[in-house]
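All remarks here apply to the structure that follows.
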């Protein structure tokens with residue numbers, strides 16, 4: 001019984017680790033927004049929406065990746081730039097550089113509506129992508145809630161098993177009553193043993 005209990009506890013601990021690893025991967029996952037790309041019409045002004053999950057107002061980790069390439073001469077260097085403006089017309093992120101440069105900028109921004117203004121010369125392809133981690137602000141609270149839920153489930157499962165075992169034990173104890181206290185069975189009597197055969201009025205005739 002002790003070995004079975006240790007095995008049961010071990011399985012629940014493993015389940016707890018698996019659930020937290022899965023949630024950790026979910027919390028780190030990013031939702032990409034492709035703002036400008038090759039093969040699509042260049043848009044110097046793009047609306048950007050940063051949304052939180054479960055109505056959270058916490059800042060979200062974002063990563064802005066941009067690259068500019070001249071279509072006719074990939075080695076040509078031209079001045080390019082972009083800036084991200086919030087709903088109050090405040091510049092929250094900006095970058096100035098040259099074509100053929102890959103810029104990666106990380107920041108924490110509150111949920112809301114933003115506008116991306118991009119400046120590039122003619123015949124320049126803009127590749128701009130914004131990655132948002134929507135579950136990052138609730139990563140810690142998610143670990144706590146999932147762990148508590150799994151622990152409660154483990155104790156609940158143990159309590160249910162004890163309750164069922166107790167009911168089975170009580171049922172077996174009620175069936176272990178003396179014969180005279182048992183309910184009379186309906187139908188023909190069954191021959192269970194030698195004593196019942198002697199008490200029965202249907203005896204074999206005595207042979208001389």
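Read the figures in this text as sums done on the coordinates, not as results from a lab. Just so we're clear, the structure is a prediction, and the values are computed from it rather than from any experiment. In this analysis, Cβ positions are derived from the backbone assuming ideal geometry, glycine residues included, and neighbour counts consider all displayed protein chains.
Descriptive notes on the structure:
- Contour minus Cα-Cα distance for residue 76 and residue 12 (0.36 nm per residue): 17.0 nm
- Hydrodynamic radius of the stretch 105-155 per Kirkwood, over alpha carbon pairs, in Å: 15.4 Å
- Using the Cβ-Cβ distance between residue 103 and residue 57 with R0 = 35 Å, the FRET efficiency computed as 1/(1 + (r/R0)^6) comes to roughly 0.80.
- Taking only alpha carbon atoms, the stretch 30-134 gives an Rg to Rh ratio of 0.99, where Rh is the Kirkwood radius.
- Order of 83, 64 under a 10 Å beta carbon neighbour criterion, fewest first: 83, 64
- Convex hull projection area averaged over all views, the stretch 1-76, Cα basis, nm²: 10.2 nm²
- By the count of neighbouring beta-carbon atoms within 10 Å, fewest first, 71, 3 end up ordered 3, 71.
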